[in-house]
1. For a quick check of your reading of the filter: which trypsin sites (Lys or Arg not before Pro) in segment 196-262 sit in a DSSP loop and have no more than 15 other Cβ atoms within 10 Å?
2. With a cut-off of at most 11 other beta carbons within 10 Å, and DSSP calling the residue loop, which trypsin sites (Lys or Arg not before Pro) in segment 49-100 qualify? Please list them.
3. Quick one: what are the phi-derived ³J(HN,Hα) couplings along segment 229-243, Karplus 6.51/-1.76/1.60 with θ = phi - 60°, whole Hz, x for glycine and proline?
4. Rank these for me by crowding, His76, His26, His4, going from fewest to most other beta carbons within 10 Å.
5. Build a GNM of the chain with springs between Cα atoms under 10 Å: which of Val269, Val288, Val65 gets the top mean-square fluctuation?
6. Sort Val188, Val234 by Cβ crowding within 10 Å, fewest neighbours at the top.
7. Sum up the lysine pairs in the chain that clear both bars: alpha-carbon distance under 25 Å and a spacing of 8 or more or different chains.
8. For Cys193, list long-range residues whose amide hydrogen, built 1.01 Å from N in the peptide plane, is under 5 Å from its own amide hydrogen.
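Please treat every number below as a calculation from the coordinates, not as lab data. In this text, all values refer to a predicted model and were calculated from it rather than measured experimentally. No Cβ is skipped: glycine too gets one built from the backbone with ideal geometry, and neighbour counts run over all protein chains shown.
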Amino acid sequence: MTYHPGMISLIVPAFNEEENLPVLVHRLMAVMEPYDSYEILIIDDGSSDQTRYVLRQLSKAYPVVRFLSFSRNFGHQMALRAGYDNARGEAVICLDADLQHPPELIPALIDKWRQGYEVVYTVRQTDPKLSWFKRTTSKHFYRLLRTVSNLDIEDGAADFRLLDRKVVNTIKQFKENDLFLRGAISWVGFRQCRIIYEPAARYAGRSKYSFRKMLKLAAMGITSFSTRPLYLSVLLGFIMFLFASLFGAEALYEHYFTNATVSGWTTLVLLSVLIGGVQFIMIGIIGVYLGKTFVEVKGRPAYIIGDTSEIEESVAPWQSSTEENDDVFYLPSR
Ligand code: UDP
Ligand code: MG
């Protein structure tokens with residue numbers, strides 16, 4: 001994908017958002033007026049309503065609007081990735097199609113970027129309009145995620161953020177299919193800064209994030225950034241082993257010093273606690289190796305360079321494309 005210096009890309013995943021898109025595009029165009037160069041790239045995530053038709057009309061009417069249409073519903077995270085893969089800007093901002101992420105906040109994100117921040121992420125203020133259910137599940141999800149992974153993601157971190165070209169190119173290096181973007185962006189580092197905002201109400205339609213999709217996202221977030229659940233059985237094994245030893249000692253004591261045991265009981269107890277503990281530990285050891293394989297298979301960069309004196313500004317790797325099919329845009333031709 002050719003990279004356009006100075007351009008700002010707005011990427012918008014949309015799943016059945018026919019009513020929202022025209023309003024969104026107009027609001028975005030109003031906000032982006034003062035900027036010289038920008039594009040609005042909308043990713044239609046396999047919508048079954050008129051979204052695709054609406055997008056074709058919008059892109060015909062306004063040259064700044066581009067769109068990609070998935071062949072089926074691949075999910076919000078995949079739509080965002082397609083956006084990052086195809087964005088041409090030097091800064092890439094993603095936001096939801098339902099106007100919950102206020103377009104009027106975009107200049108603030110861009111200002112922060114111009115001050116030198118490479119990741120400008122947003123955190124939604126606790127919003128009384130949000131259902132109790134969504135608020136609590138989201139809070140507990142982030143808490144769990146922080147506990148099991150080494151990520152430092154705040155409550156209410158949304159997929160409304162600006163990434164510098166360097167960061168986008170780093171994210172593009174992640175080849176794993178199951179990528180939890182919020183985690184990946186927190187993981188890559190760079191100069192990050194936060195903006196707190198108040199989400200608006202959904203403009204039209206209903207939430208496209210069903211409970212099933214939320215659960216899937218949560219499971220993906222945890223399993224793609226943590227191998228800790230795999231190590232759980234080592235811990236369990238050791239705890240069982242400890243109890244086995246105590247219990248075994250007690251069984252031996254009863255066998256030798258009291259008359260309370262039935263013949264054969266001691267052996268049975270000792271064997272079962274011992275074998276149980278050993279089994280858990282062995283499963284845990286397999287888990288540890290599996291975890292290591294899992295990390296290796298993903299082939300993530302071991303480290304990421306944020307800046308260096310070695311590269312001239314004009315030929316920095318994030319500015320020269322490494323992709324073979326330069327200039328090719330994966331869009332159906334108009
Ligand atoms: N979305 C998507 N694919 C999906 C579900 C949602 O591209 O499978 C988009 C949706 O069109 C919207 C954004 O992701 O632009 C956030 O979804 P939604 O507003 O429904 O989620 P909520 O705000 O209720 O969490
Ligand atoms: Mg929404």
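1. Values: sites: Arg202, Arg206, Lys208, Arg212, Lys213, Lys216; in loops: Arg202, Arg206, Lys208.
Answer by residue number: Arg206.
2. Numbers: sites: Arg52, Arg56, Lys60, Arg66, Arg72, Arg81, Arg88; in loops: Arg72, Arg88.
For trypsin sites (Lys or Arg not before Pro) across segment 49-100 that sit outside H, G, I, E and B with at most 11 neighbouring Cβ atoms in 10 Å, the list reads Arg72.
3. x, 5, 7, 4, 6, 4, 4, 4, x, 5, 4, 4, 4, 4, 5
4. Values: His76 20, His26 13, His4 16.
Placing the least packed residue first, the sequence is His26, His4, His76.
5. Highest fluctuation among the options: Val269.
6. Numbers: Val188 21, Val234 18.
Sorted ascending by nearby Cβ count, the order is Val234, Val188.
7. 26
8. Close amide H contacts, sequence-distant or interchain: Val119, Val120, Tyr121.
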